[in-house]
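Every number in this text was worked out from the coordinates using simple rules, so none of it is lab data. Worth saying up front: this structure is predicted, and the values here are computed from it rather than measured. Quick reminder, even Gly has a Cβ in these numbers, built from the backbone with ideal geometry, and neighbours come from all protein chains shown.
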Amino acid sequence: MDDLRIRAALPTDLDAVLAFWKLAAEGTSISDDREGVERLVARDPQALILAERNGDLAGTVIAGFDGWRCHLYRLAVHPDHRRRGIGGALLAAAEDRFVRLGGRRGDAMVLDRNEQAHPAWRAAGYAPEPQWSRWVKPLTD
């Protein structure tokens, strides 16, 4: 994978990232809009990590750290580039970031129905915690 480049997203990347998520991510989120992603990158410029192959966007992950916990969101790999180590490279970059920031454990938001992704997460050392449930409340209409 000599042609793979991992880097933090820039504000100029955000439209491409949003379009990419529509193609490569499982489902959409209330936060999948320009304003939400701009806010993420403005608050934490290193949180949105991109993988590029030959100059094309091949994958993303959000590695959010709130000073206490390490959260992973939006791990997505372009369908044409899957099963080539891109997801693993993105997770390694995210985990390296967490360690540098003092993080001790990463947790990932993975849809139960996204069974295609479960083996990749397990292979990277992640496992579901059945004693926890995610409780959410939309804060806007």
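A compact table of results
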{"quantity": "Unique residue being among the aliphatic types (A, V, I, L, M) and out of contact with any Ser or Thr (no Cβ under 9 Å at 6 or more places or on another chain) when the list is L90, L18, L50", "calculated": "L18"}
{"quantity": "Yes/no for A42 being among the aliphatic types (A, V, I, L, M), out of contact with any strand residue (DSSP E or B) (no Cβ under 9 Å at 6 or more places or on another chain) and without any contact (Cβ under 8 Å) to a residue 40 or more places away in the chain", "calculated": "yes"}
{"quantity": "Hits in the stretch 1-26 - residues which are β-branched (V, I, T) and either in contact with a Cys (Cβ under 8 Å, 6 or more places away or on another chain) or surrounded by 16 or more Cβ atoms within 10 Å (Cβ to Cβ) (or both)", "calculated": "I6, V17"}
